[in-house]
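Below is one structure, written out as structure tokens; the observations come after it.
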Amino acid sequence: MDEMKDVILEYVTEEYLEEDDDEISFDTPLISGGIVDSFSMVSLKRFLENKYSISIPDDKATPEAFDSVNKIAVLVQEFVK
Amino acid sequence: MSFNDTVRGVYQEQLKSIKDAGIFKQERFIHSSQAADIEVEFPTGSSLKKVINMCANNYLGLSSHPEVVKAAHEGLDARGYGMSSVRFICGTQDIHRDLENQVTEFLGTEDTVLFPSCMDANAGVFEAILTKDDVMISDRLVHASIIDGIRLCAAEHDTFKHSNMKHLEKKLQLHADKRLKVVITDGVFSMDGDTAKLDEMVTLCEKHDAMVFVDDSHSSGFIGKTGRGTHEKCGVFGKIDIITTTFGKALGGASGGCVSGRRELVEMCRQKARPYLFSNTMAPVVVSGVIKVLEILSGSTERRDKLEENTAYWRKGLTEAGFVLKEGDTPIVPVMLFNAKLSQDISKDLYDEGIYAIGFFFPVVPQGQARIRTQISASHEKHHLDKALEAFIKVGKKYDILGKTKQEIIEKFGA
Ligand SMILES: Cc1ncc(COP(=O)(O)O)c(C=O)c1O
């Protein structure tokens, strides 16, 4: 789980943060905090699906479920066998 | 079910939460034609106030230009008021095709198709030219109408960091296996006033076999030496595969839009784009006005040159006064205030001083990046800009933000 969180945090940092942005933590609100817009969320979802060989149905991939690294990790856990 | 109290209550609740969030939009009624000097009724019911308009997209000052108005009158007389039909049934006049040909010439493309608006062009174009085997890779700050168009299209979608060409290249590599790739950007970004790096983008797209899409709504008519748009400015004239633009801003400001670009792509729009197929196109009177606009702009660069001078004068004035601006050289000049409430307060104070400029904040712009977006026009005379500058300085002093850095403003007011 901790390793998964590190992987997700690293991806989010690379994919969404600009160089002069503050660092984020596992709890930082991503969508409601305006770091990841819901429209750009698709690449995160695709990354998780490829990385963990899972498929997250659209009704589960909500902005709420994607709102922090912690929440994303919980969601992913649901689908990895 | 009728519109009973329960149903009404649902909407009243939603409207209340919009109001509570402080993002309820209210119109201001303008009792004059669009120009640098306008007469405004605001709040509704109050007496008219003469103000200087600093937030119109009337970049070239053509919205109420006598020659354009005259041409529109003549068009009205010669071709009537309405068509009562969509294009492909019996809604196409000779002047529609004339305008399309003139836009093609002006933008240096292969062909053009008109749409009721650029919103419609953006909403319809992707679905018309792409399938699920393709990918759309868009800049993260593209206009809302492009986002809608992307949502309506079955092709896969990805985004890249704003104007970040390294990130774009990574995405092009990631999607190398797709049948067709389209990279999507605004030419000039409407909230920040910065210009897309079209030269680098075209090189990347040539390397990775991707098409380039540019929405030049905030550029057509005045960006580039002869005002053709960002492709002219960036030295890639003739190399953009799809350009969408509006006639609702610099090009007369009435309404209408188009898709202009590769012949086959434009033809696909005629065959398949739903806003073209299922909605009436631009009215003859508007078409006649736009034809005159393009004639004026093809004959002389005087207006865009004046706009460029005005813009430089305005940016210099604000910078010397000590405001924090978004850097750039376009007539969209955002005065950064960072705090949402501060942007609203300053907008209101400016209005009291006779200056009409609107504050923008999240979610229209990113969190903590509230601003007043000023937009310069060729119809501004030096005295307009001087008066506006005077008002900005007076209000800036009131809040003690002149000469303050971003950090200092945020410390004082919060982000
Ligand atoms: C970048 C951009 N594209 C498209 C549009 C829509 O233009 P129109 O008014 O023609 O629908 C706008 C207008 O707000 C815009 O700023």
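The values are calculated or read from the model by the stated rules, or taken from the named source; none is laboratory data. Remember, it's a predicted structure, so these values are computed and weren't measured experimentally. Note that we place each Cβ from the backbone using ideal geometry, even for glycine, and neighbour counts take in every protein chain shown. Protein only, heavy atoms only, side chains kept; ligands, DNA and RNA dropped before computing areas. Shrake-Rupley method; radii C 1.70, N 1.55, O 1.52, S 1.80 Å.
Six or more apart or on different chains, Cβ under 9 Å: which pairs go from a residue in region B:385-408 that's in the same structural domain as B:Gly368 (by TED's automatic domain parsing) and surrounded by 13 or more Cβ atoms within 10 Å (Cβ to Cβ) to one that's polar (S, T, N, Q) and assigned to a helix (DSSP H, G or I)? Could you list them? Listed by first residue and then by second, the contacts come to B:Leu385/B:Asn310.
Does B:Thr131 qualify as being of a type in the set (S, T, N, Q), part of a loop (DSSP other than H, G, I, E, B), touching a residue at least 60 places away in the same chain (Cβ under 8 Å) and away from the ligand (no atom under 12 Å from the Cβ)?
no
Quick grid of which residues meet (1) out of contact with any Pro (no Cβ under 9 Å at 6 or more places or on another chain); (2) acidic (Asp, Glu); (3) not assigned by TED's automatic domain parsing to the domain that holds B:Thr374:
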{"residue": "B:Asp37", "(1), (2), (3)": "yes, yes, no"}
{"residue": "B:Val40", "(1), (2), (3)": "yes, no, no"}
{"residue": "B:Pro43", "(1), (2), (3)": "yes, no, no"}
{"residue": "B:Ser46", "(1), (2), (3)": "yes, no, no"}
{"residue": "B:Lys50", "(1), (2), (3)": "yes, no, no"}
{"residue": "B:Gly61", "(1), (2), (3)": "yes, no, yes"}
{"residue": "B:Ala71", "(1), (2), (3)": "yes, no, yes"}
{"residue": "B:Glu74", "(1), (2), (3)": "yes, yes, yes"}
{"residue": "B:Ala78", "(1), (2), (3)": "no, no, yes"}
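In region A:31-49, the residues that are facing another protein chain (nearest Cβ under 8 Å) form Cβ pairs under 6 Å with partners that are open to solvent by 30 Å² or more (accessible area, probe 1.4 Å) and not polar (S, T, N, Q), at six or more places apart or across chains, as follows: A:Gly34/B:Pro366; A:Phe39/B:Ile147; A:Ser40/B:Arg140.
Against the definition (farther than 19 Å from B:Ser145 by Cβ and more than 12 Å from the ligand (Cβ to nearest atom)), how does B:Val236 come out, yes or no? Answer is yes for this residue. Of all residues in region B:52-71, those that are away from chain A (no Cβ under 14 Å) have Cβ atoms under 7 Å from Cβ atoms of residues that are more than 16 Å from the ligand (Cβ to nearest atom) and part of a strand (DSSP E or B), 6 or more apart or on another chain, in B:Ile52/B:Asp37; B:Ile52/B:Ile355; B:Ile52/B:Tyr356; B:Asn53/B:Ile38; B:Asn53/B:Tyr356; B:Met54/B:Ile355; B:Met54/B:Tyr356; B:Cys55/B:Tyr356. Exactly one residue out of B:Val103, B:Val125, B:Val113, B:Val135 is within 14 Å of chain A (Cβ to nearest Cβ), surrounded by 21 or more Cβ atoms within 10 Å (Cβ to Cβ) and at pLDDT 95 or above: that is B:Val135. Count of region B:241-274 residues, restricted to those that are within 15 Å of the ligand (Cβ to nearest atom) and assigned to a loop (DSSP other than H, G, I, E, B), is 11. When region B:19-42 is filtered for residues that are of a type in the set (Gly, Ala, Ser) and free of Cβ contacts under 8 Å to residues at least 60 places away in the same chain, the ones remaining, listed by number, are B:Ala21, B:Ser32, B:Ser33.
Could you check region A:1-27 and list, in sequence order, the residues that are assigned to a loop (DSSP other than H, G, I, E, B) and open to solvent by less than 30 Å² (accessible area, probe 1.4 Å)? A:Leu17, A:Ile24, listed by residue number. Of all the criteria given as (1) without any contact (Cβ under 8 Å) to a residue 40 or more places away in the chain; (2) crowded, with 21+ Cβ neighbours inside 10 Å; (3) farther than 29 Å from A:Val12 by Cβ, the one not satisfied by B:Asp120 is (1). Considered as a group, the residues in region A:50-78 that are farther than 22 Å from B:Ala155 by Cα, in contact with a Phe, Trp or Tyr (Cβ under 8 Å, 6 or more places away or on another chain) and part of a loop (DSSP other than H, G, I, E, B) include one that is farthest from the other protein chains (Cβ to nearest Cβ), and that residue is A:Tyr52.
Only one of these is surrounded by fewer than 24 Cβ atoms within 10 Å (Cβ to Cβ), away from the ligand (no atom under 16 Å from the Cβ) and outside any helix (DSSP H, G or I): B:Lys225, B:Lys170. Name it. Result of the check over B:Lys225, B:Lys170: B:Lys225. Determine whether region B:183-195 contains at least one residue that is more than 12 Å from the chain's Cα centre (by Cα), within 16 Å of the ligand (Cβ to nearest atom) and among the hydroxyl-bearing types (Ser, Thr, Tyr). There is at least one residue in region B:183-195 that is more than 12 Å from the chain's Cα centre (by Cα), within 16 Å of the ligand (Cβ to nearest atom) and among the hydroxyl-bearing types (Ser, Thr, Tyr).
Flag set for B:Lys50, criterion: open to solvent by 80 Å² or more (accessible area, probe 1.4 Å) and either modelled with pLDDT under 95 or within 14 Å of B:Tyr351 (Cα to Cα) (or both). Only one entry of B:Gly368, B:Gly396 meets the criterion of being assigned to a helix (DSSP H, G or I) and of a type outside the set (A, V, I, L, M), and that entry is B:Gly396. Checked against (1) farther than 25 Å from B:Leu251 by Cα; (2) in contact with a helix residue (DSSP H, G or I) (Cβ under 7 Å, 6 or more places away or on another chain), B:Ser2 passes all but condition (2). Restricting region B:138-167 to residues that are among the polar types (S, T, N, Q), open to solvent by less than 10 Å² (accessible area, probe 1.4 Å) and facing chain A (nearest Cβ under 9 Å) leaves a set whose member that is farthest from B:Gly193 (Cα to Cα) is B:Thr159.
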